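Rule-based calculations on the coordinates, nothing more; no lab input. Everything numeric in this text was worked out from a predicted model, so none of it was measured. Cβ sites come from the backbone with ideal geometry, for glycine too, and all protein chains shown count toward neighbours.
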């Protein structure tokens, strides 16, 4: 895809926004246990990058991963059901918010270990290429991940072997509560430079800007130019995790939060649509999210007898943990 | 055919590389074959399928996970057993967990091959661990072949298996040679009685099978020792062991891992949950928390040896009265 589809981008950021808001409601209602890491404020990145990918391309997400999963094309209803731990979820309720995966649309999974997914995606894309599939990959990670050795090792492997991967750093300014200035020596793009990887900084709040940068990078990568890094500068509107709704953590000045929230990707993209068109998309998204919540809550909880289903793909069975001897 | 343990591993890799295009080899110095297992494979199969990696164990271990998710069957070689500590997270938290966490959407068929596990006299503290119980603990298929035929058969089975498998090839077994009539895959979770006996069952893991056989020979005439080789410590052939121990009523487990939470502890517990032994069982292991010291005499002092095994057998062989 080359030119941006303003309506499509808006639909995606709006979908993620409303999905996350409804998920937070479900956390508060006790329907989602364990809480979530809301993607609010960062929607433009997943939307812009995934719009530059093909359905057969691969992505990995993060613990803050619903946006990536939805933007790559997973069914919102089955995604919400997964968050609610239902048998009807993407992962049959075995993964939850931090591990939602849909391999059928190229989502190799949200991965809850910071910096861990880059090498996995690199291996998967390399394997497809070996078979002759015209596949590229995009791996999302936060600013905290740029200090993880295994991600830097993945930069090296991908660059060394010219694996077509787009490394997407969502720099929201904080690794949980640790500001970038307190954690990152040098720069994020400088890490790419060390491996001779081209790096581009983009305004992560502008879905079309993200899309333009990602589409250009993906085109170069697909043509054999080697991996690239995009640093999308963004701001997390809500908590690191919904537990912060209960336990207030004092690490972001209120004026900073207000300034960050003033640049809202949903409005930035929405303002590019005629008001009636925007309202139309909003109504469609609302219906989709309503249906997703209804589907999720109607889904059965998994049968505890199957708690260890899929532990082994080979069919090996594990001994039970009870007192059976 | 006379076959060495090392060449059996090489042969298994070559046969699987030839049989299945999705198999490839990944690791440090595998092209040249610094561990002497992958020698000649690059010449035959090319550097795309016998891939040298930079010294980035975490990345290439996860690279293998990704390739497996995409339908390949990677074999990752680690020259040093302790590198498994470095990549434990990548294996346990990702490769092993993906099938369940995705609700059955994927398989991760990766083989981790560790040639030269355990003590290699003179390699000291950071190169001499034998952490197979850790993988049994987390539920990853863990093979510790003792013989060339099993080295071949278990490695072939590992590569064809749809889940991660760690294959420990103990340094103490690498020089073993035997006449082999037929090479074939060896199923997981099926042990074998290496020597039949009536008085005491000795479970020995990996290279210790050969020590147990030597001790059994020495004791012939005094104590009739049955030597049971589990071949895989996870899954473990408990039924096979119970068949032996219900006859002998006496059990010694010889395990080249640290004592606390070693595989010997698990084997003994699993047996005594099921059957009443004539006398309390014994285990011969490394000490708790062992770090292998450098000097050869010190290194030997903390490894389970024939002397300790002999003493343990004599101890359990005594009449309980």
**Request:** Please report the relative contact order for segment B:2-179, taking Cα pairs under 8 Å with a sequence separation of at least 6, and give it as a percent rounded to a whole number.
**Result:** 27
**Item:** Most mobile of B:45, B:24, B:228 in a GNM of chain B (Cα contacts under 10 Å)
**Value:** B:45
**Request:** Could you sort A:4-15, A:266-277, B:62-73, A:216-227 so that the peptide with the highest average Cβ count within 10 Å comes first and the rest follow in order?
**Result:** B:62-73, A:4-15, A:216-227, A:266-277
**Using alpha-carbon coordinates, inclination of helix B:148-160 to the longest axis of chain B, degrees** = 50
**Complete:** Across A:89-101, the residue-averaged tally of Cβ atoms belonging to other chains within 10 Å stands at 4
**Asked** Going by the alpha-carbon gyration tensor, a ≥ b ≥ c the square roots of its eigenvalues, is segment A:6-293 rounded (a/c under 1.5) or, if a/c is not under 1.5, prolate (a/b greater than b/c) versus oblate?
**Response** rounded
**Prompt:** Shape call for segment A:116-206 from the C-alpha gyration tensor, a ≥ b ≥ c root eigenvalues: rounded (a/c under 1.5), prolate (a/b greater than b/c) or oblate?
**Reply:** prolate
**Prompt:** Can you work out D for the protein assembly as shown in µm² s⁻¹ from Stokes-Einstein, where Rh is the Kirkwood radius over C-alpha pairs, the temperature is 4 °C and the viscosity is 1.567 mPa s?
**Reply:** 49
**Message:** So for segment B:243-294, averaging the separation of alpha carbon pairs under 8 Å that are six or more residues apart and normalising by length, what relative contact order in percent results?
**Reply:** 49
**Complete:** Per-residue average of other protein chain Cβ atoms inside 10 Å, peptide B:67-76 -> 5
**Prompt:** For segment B:157-173 and segment A:103-150, what is the separation of their Cα centres, given in Å?
**Reply:** 26
**Complete:** Rounded to one decimal in Å, the inverse mean reciprocal Cα-Cα distance for segment B:90-159, i.e. its Kirkwood radius, is 14.0
**Per principal axis, descending, Cα span of chain B in whole Å** = 64, 43, 40
**Request:** Mind telling me which of A:127, A:117, A:232 comes out most flexible in a GNM of chain A, alpha-carbon contacts under 10 Å?
**Result:** A:127
**Residue-averaged beta-carbon neighbours from other chains (10 angstrom radius) around A:148-160** = 4
**Message:** Given R₀ = 56 Å, what would the calculated FRET efficiency be for residue B:318 paired with residue A:104, taking r from the Cβ atoms and rounding to 0.05?
**Reply:** 0.30
**Request:** Would you please calculate the Kirkwood hydrodynamic radius of segment A:1-151 over all C-alpha pairs and express it in Å, rounded to one decimal?
**Result:** 15.5
**Message:** Connecting C-alpha atoms closer than 10 Å in a GNM of chain A, tell me which of A:116, A:313, A:52 has the biggest fluctuation.
**Reply:** A:313
**Asked** What's the angle, to the nearest 10 degrees (0 to 90), between helix B:5-19's Cα axis and the longest principal axis of chain B?
**Response** 40
**Item:** For segment A:175-289, alpha-carbon Rg over 2.2 N^0.38 Å
**Value:** 1.34
**Asked** Relative contact order (percent) for chain B, with alpha-carbon contacts under 8 angstrom and 6 or more residues of separation?
**Response** 16
**Prompt:** Per 5 Å bin, what is the whole-percent P(r) computed from every C-alpha pair distance within segment B:192-317?
**Reply:** 2, 12, 23, 26, 20, 11, 5, 2, 0
**Prompt:** When the scattering of segment A:71-174 is computed by the Debye formula from its Cα atoms alone, each counted once and equally, what is log10 I(q)/I(0) at q = 0.19, 0.20, 0.23 Å⁻¹?
**Reply:** -0.98, -1.04, -1.17
